[in-house]
Amino acid sequence: MRARIGGSIFGLASVVMAGCSGGSSDSAVPPPTLSRSVAGIWRRTHIGIEGTRVSCPDPKSLLAPNTRELTINSIVVDTCGSNETLIFGTATSLGKGRYRLIGLRGTEDGSYVLTGSTLTLVRDAINGTYLKNLTPAQAPQRTVYSVVLSGDSMTFVPVSQPVGLVKKDSAMPAFREDGTIIASNVTPIRNTDGTVNTVVLPGVNDMAVVNSDLSITVGAVASGANADDTPGLVRVRGVENTFEFVPQDPAVVIPSPLPAP
């Protein structure tokens with residue numbers, strides 16, 4: 001990945017979503033469904049892609065390893081640990097709230113919107129620093145997932161969204177004579193809310209290619225000016241992530257995410 005705002009949660013790294021607070025204080029309370037609050041703690045248990053699925057290490061096991069790799073044709077697609085946790089905070093309005101990711105690559109904070117079978121995450125901070133305060137500043141990253149909730153398990157898969165680049169200075173070129181991108185003169189196209197969509201690579205061998213008109217093509221075979229180089233954009237693999245609901249221990253305080261920037 002060439003994106004400069006870190007790996008994305010589902011698809012490339014572990015995830016934890018946290019809100020202001022949340023979760024049931026009674027272990028007898030059944031796990032949430034899409035018709036009720038999803039606030040609480042969820043632990044990543046499985047990752048998979050293209051028919052291959054691996055189990056994440058059991059956090060209660062004292063035996064190594066503490067991580068497990070999802071490998072396809074000698075390519076390490078993703079790695080999951082024994083304590084990667086997804087925490088949804090209490091919704092601030094219907095289906096909306098803040099989250100925190102605590103995974104192998106540190107933490108990330110942002111907002112979530114859960115609508116039916118679609119989950120949208122907008123990351124606006126990594127490792128305690130807002131993306132707008134990085135040097136250079138970064139736009140919030142938007143990733144959309146399809147979500148299936150069955151019993152005490154939840155499965156997420158990233159869904160492709162429109163992506164592309166645009167010139168910063170229309171009078172200047174976007175490409176050098178050899179076809180490589182002049183990164184200093186291009187920027188990702190933003191959504192109306194100022195967020196930037198991630199580039200989803202559904203298959204292990206898929207690449208993101210910037211075409212001559214600055215549109216982006218994703219596929220195993222694609223032609224373009226500069227393969228696998230999308231300045232300012234985060235790329236995620238189409239990894240299926242499964243989480244299990246963890247009944248909250250009243251003695252354990254759920255981590256709170258950063259407030260909205």
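The values are calculated or read from the model by the stated rules, or taken from the named source; none is laboratory data. Everything numeric here is computed off the predicted structure, so don't read it as measured data. Cβ atoms come from the backbone with ideal geometry, glycine included; neighbour counts cover every protein chain shown. Keep in mind that these areas ignore ligands, DNA and RNA; they rest on the heavy atoms of the full protein, side chains included. Shrake-Rupley method; radii C 1.70, N 1.55, O 1.52, S 1.80 Å.
Ligands, DNA and RNA excluded, the heavy atoms of Ile102 present near 60 Å² of accessible surface to a 1.4 Å solvent probe.
Shown for the stretch 139-198: the carbon plus sulfur share of the solvent-accessible area, taken with all protein chains present and a 1.4 angstrom probe, equals 53%.
Could you state the accessible area per residue of the stretch 56-130 in Å², with a 1.4 Å probe and every protein chain left in place?
Details: 3650 Å² over 75 residues.
Per-residue accessible area for the stretch 56-130 comes out at 49 Å².
Towards the positive end of the charge dipole of the stretch 34-156, with charges on Cβ (+1 Lys, Arg; -1 Asp, Glu), say which of Thr45, Asn133, Ser82 has the farthest Cα. In the stretch 34-156, that residue is Asn133.
With Cβ to Cβ distances under 13 Å as the rule, what net charge do the other residues near Asp58 carry (K, R +1; D, E -1)? Kindly include the intermediate steps, with their values, before the conclusion.
Values: positive: Arg43, Arg44, Lys60, Arg68; negative: Glu84, Glu244.
Computed value for this residue: +2.
Report, in debye and to the nearest 20, how large the dipole of the stretch 123-198 comes out about its Cα centre when Lys and Arg carry +1 and Asp and Glu carry -1 on their Cβ. Please report the intermediate quantities before stating the final value.
Numbers: 7 positive and 6 negative charges, 34 e Å.
That gives a dipole near 160 debye.
A quarter of the convex hull surface defined by the alpha-carbon atoms of the stretch 113-261 gives 11.4 nm² as the mean projection.
Using R₀ = 35 Å, calculate the FRET efficiency as 1/(1 + (r/R₀)^6) where r is the Cβ-Cβ separation of Ser61 and Thr129; round to 0.05. Plugging the Cβ-Cβ distance into 1/(1 + (r/R0)^6) gives 0.55. Taking a Cβ cut-off of under 15 Å around Ala260, the surrounding Lys, Arg, Asp and Glu residues balance to a net charge of +2, with basic ones at +1 and acidic ones at -1.
What residue among Val239, Ser256, Met172 has its Cα farthest toward the positive end of the dipole of the stretch 165-259, where the charges are +1 on Lys, Arg and -1 on Asp, Glu, each on the Cβ? Positive-end residue among those listed: Met172.
How high is the FRET efficiency between Lys168 and Arg53 when r is their beta carbon distance and R₀ equals 41 Å, given to the nearest 0.05? The partial results should precede the final answer.
Details: r = 42 Å, r/R0 = 1.04.
It comes out at approximately 0.45.
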